[in-house]
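Structure, as structure tokens:
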Amino acid sequence: MSGLDTAFAAARAADRAALVGYLPAGFPSVDGCVEAFVALSEAGVDVFEVGLPYSDPLMDGPVIQAAVQRALDASVGTSAVLDTVRRVVDATGVPTVVMTYWNPVERYGVDRFAADLAAAGGSGLITPDLIPEEATGWRDAAARNGLAPVFLVAPSSTDERLRVVASANSGFVYAASTMGVTGARAAVGDRAEGLVGRVRAVTDLPVAVGLGVSTGDQAAQVAAYADGVIVGSALVATLLDEDAADPLDALGALARELADGVRRPRRGR
């Protein structure tokens, strides 16, 4: 079993969803990012997403864009991201995937990237702008290196589209709760539960829901029907908060709230 398989299986055995936490590499600094992931691990986050800073994001909202820009200003590139994965995995043992738009991987070299990500201890790659039909080279390289290719589905995805994506996926399926960019919301998209059910009809892979979760109550709401709860913008916002006495402490506190949320009893199940 891969690290991702083990993490989701352990959560399932405990009758809860796994908590997936995202932060961009190089934010608030290269060392600070590693320290932040250690804090997330200590708070109970089960899986990490390390974001690769990219200058032209398609689905990142203003919070993540602001953090990514700081990393870009510090010249954090693909090699630094891979080194961050290595340091985070060494420090925490938490299964770690990279989330990136496709262009940096293609520029780095698909086979080289897969080999270097595996050597760093990474578990897979989430590619929001790469569709399975155009990912044959990446899927082959991922398979050779024991990595999980993770593709996205959305409420607008047809049942046939879900079958195509699920058949190409490994590790877990990333279900976007709503159409639009990332960001904390007052409520998680009301179509997310139906989307999870539709994905489960075509695959046995875990289904993790992202986009919009920012509180323990919202995490518990999504954890009642999903296999994973993905949180990014809310975590990044705590590190961006210039009024916080200690942003790292604030990050840990929010992560503990979210971890408690996914561990609440699942009523009716």
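The values are calculated or read from the model by the stated rules, or taken from the named source; none is laboratory data. Here the structure is a predicted model, which means the values were calculated and not measured. Cβ sites come from the backbone with ideal geometry, for glycine too, and all protein chains shown count toward neighbours.
Just wondering, is there one or more residues in region 102-110 that are in a helix (DSSP H, G or I) and under 18 Å from residue 232 (Cα atoms)? No: region 102-110 contains no residue that is in a helix (DSSP H, G or I) and under 18 Å from residue 232 (Cα atoms).
Which of the residues belonging to region 124-146 are in contact with a Leu (Cβ under 6 Å, 6 or more places away or on another chain) and modelled with pLDDT of 95 or more? Give the steps one after another, and end with the answer.
In the first step, residues of region 124-146 are kept if they are in contact with a Leu (Cβ under 6 Å, 6 or more places away or on another chain); the result is 124, 128-129.
The one that is in contact with a Leu (Cβ under 6 Å, 6 or more places away or on another chain) and modelled with pLDDT of 95 or more: 124.
In region 186-204, of all residues being surrounded by fewer than 20 Cβ atoms within 10 Å (Cβ to Cβ) and either of a type in the set (Asp, Glu) or closer than 20 Å to residue 45 by Cβ (or both), the one that is modelled with the highest pLDDT corresponds to 204. Contact map, region 227-248: first residue in contact (Cβ under 8 Å) with a residue 60 or more places away in the chain, second residue assigned to a helix (DSSP H, G or I) and among the acidic types (Asp, Glu), Cβ cut-off under 8 Å, separation 6 or more or different chains; pairs are 248/35.
If you go through region 131-146 and pick out every residue that is assigned to a helix (DSSP H, G or I) and under 19 Å from residue 54 (Cβ atoms), you end up with 2.
Would you be able to say whether some residue in region 125-144 is closer than 19 Å to residue 46 by Cα and in contact with a helix residue (DSSP H, G or I) (Cβ under 9 Å, 6 or more places away or on another chain)? Yes, there is a match, as at least one residue in region 125-144 is closer than 19 Å to residue 46 by Cα and in contact with a helix residue (DSSP H, G or I) (Cβ under 9 Å, 6 or more places away or on another chain). Being in a helix (DSSP H, G or I) and surrounded by fewer than 17 Cβ atoms within 10 Å (Cβ to Cβ) is a property that holds for residue 248.
To keep it simple, each residue is scored yes or no on (1) modelled with pLDDT under 95; (2) in a helix (DSSP H, G or I).
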position: 155; (1), (2): yes, no
position: 165; (1), (2): no, yes
position: 170; (1), (2): no, no
position: 179; (1), (2): yes, no
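When region 57-75 is filtered for residues that are crowded, with 23+ Cβ neighbours inside 10 Å and either assigned to a helix (DSSP H, G or I) or in contact with a strand residue (DSSP E or B) (Cβ under 8 Å, 6 or more places away or on another chain) (or both), the ones remaining, listed by number, are 64, 67, 68, 71.
Of 128, 53, 149, which residue is in contact with a strand residue (DSSP E or B) (Cβ under 9 Å, 6 or more places away or on another chain), assigned to a strand (DSSP E or B) and surrounded by 15 or more Cβ atoms within 10 Å (Cβ to Cβ)?
Numbers: 128 fails: assigned to a strand (DSSP E or B); 53 fails: assigned to a strand (DSSP E or B).
The match here is 149.
Return the residue satisfying two criteria in turn: it lies in region 7-50 and is without any contact (Cβ under 8 Å) to a residue 12 or more places away in the chain and over 17 Å from residue 71 (Cβ atoms), and of such residues it is surrounded by the fewest Cβ atoms within 10 Å (Cβ to Cβ). The qualifying residue surrounded by the fewest Cβ atoms within 10 Å (Cβ to Cβ) is 13.
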